[in-house]
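Visitor: First the structure, then my questions, so here it is.
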Amino acid sequence: MSSIEIKDKSGKKVGTHEVSKVIAEANPSISTVHRAVVAEEANKRQGTQKTKTRSEVRGGGRKPYKQKKTGNARQGSIRSPHYAHGGMALALSPRDYDKKVNKKERRAAILGALNQKLQAGDLSVADAILFAEPKTKMALEVLKAFGLDNTRRVLVILPTYDEQTYKSFRNIPSVTVRTAPASSAGGAEAAKTSAFSARDVMVAHKVLIAKEALAKIEEVWAK
């Protein structure tokens, strides 16, 4: 197992944490991580696009002119696709973009992404990330203490949802706040939170995780 420093909000070292093999030894294939990220992106799509075919456009109930002796090409309806205000050829219709990724594969992708950040030195552990009141200035000070550039994407992972902390980071465009995964016994309270995903880790340049959140990941996903 590898160890990682734990720092307080001022950036001072207050201890170390032995990263369990759940994260330290996670090594999924590139395709596993890719499928998890693509599935998340696809599942965000609403799929509500819709255009009308010639049968759905209003009008065009009779021939625009007689079949013969007009000098024009024969036409059956003014709502054909080549007419202005006609229907669409190959019209779009609502569709479901959802992609399924099983739980073990999704979990392997997340742990592999965390392992990659750990090996690259882009994972920082904080003793606690809590604020008495929502202050963006205090959030910026925490980022600075950990040597994180607020102009690059940073993922902050909390053990549970905390409104003061969320509001403190909310006005920093480059920071995304997520929570550690809840156990199956998490109940309604766990449903309010937004657990981080493989995509959240992969798109972030740096990850700042609370000590309790890291312990929670290792406990919930120990199997």
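Visitor: So, in Å, what gap is there between the alpha-carbon centers of region 1-47 and region 90-156?
Guide: Value for the Cα centre distance between the two parts: 8 Å.
Visitor: Mind sorting V125, V101, V156 by how few other Cβ atoms lie within 10 Å of their own Cβ, fewest first?
Guide: Listed from fewest to most nearby Cβ atoms, that is V101, V125, V156.
Visitor: Something else: When the helix-only estimate is applied to the chain (DSSP H runs of n ≥ 4, each -39,500 (n - 2.57), divided by the residue count), what is the mean residue ellipticity at 222 nm, nearest 500 deg cm²/dmol?
Guide: -9500 deg cm²/dmol
Visitor: Where does helix 30-43 land angle-wise versus the long Cα axis of the chain, in degrees 0 to 90, nearest 10?
Guide: For 30-43 against the chain, the angle is about 60 degrees.
Visitor: In addition: Quick one: order F146, F196 by neighbouring beta-carbon count within 10 Å, fewest to most.
Guide: F146, F196
Visitor: Using square roots of five times the C-alpha gyration tensor eigenvalues, list the equivalent-ellipsoid semi-axes of the chain in whole Å, biggest first.
Guide: Those come to 54, 20, 15 Å.
Visitor: While we're looking at this one, here's another question. With a 10 Å Cβ neighbour count serving as the proxy for reagent exposure, in which order, fewest first, do T53, T48, T70 appear?
Guide: T48, T70, T53
Visitor: Right, another one. Given the pairs K99/K216; K50/K103; K144/K206; K21/K117; K9/K167; K44/K211, which are separated by over 24 angstrom at their Cα positions?
Guide: Correct reply: K99/K216; K50/K103; K44/K211.
Visitor: Can you give the Rg to Rh ratio of region 50-93, both from alpha-carbon atoms, with Rh computed by the Kirkwood formula?
Guide: Here the Rg-to-Rh quotient is 1.05.
Visitor: Let me ask something else. Using only the alpha-carbon atoms, how far is helix 136-145 inclined from the longest principal axis of the chain? Give it as 0 to 90 degrees, nearest 10.
Guide: Value to nearest ten degrees: 60.
Visitor: Then there's this: Rounded to the nearest 10 degrees, what's the angle between the helix 211-220 long axis and the longest principal axis of the chain, both from Cα atoms, 0 to 90?
Guide: With both axes taken from Cα atoms, the answer is about 70 degrees.
Visitor: Where a Cα-Cα gap under 21 Å defines reach, which lysines qualify for K63, not counting those fewer than 8 residues away within the same chain?
Guide: K52
Bear in mind that the values in this text are calculations on the coordinates, not laboratory data. Computed from a predicted model, the values in this text were never measured in an experiment. Here Cβ is always computed from backbone atoms with ideal geometry, including for glycine, and neighbour counts include all displayed protein chains.
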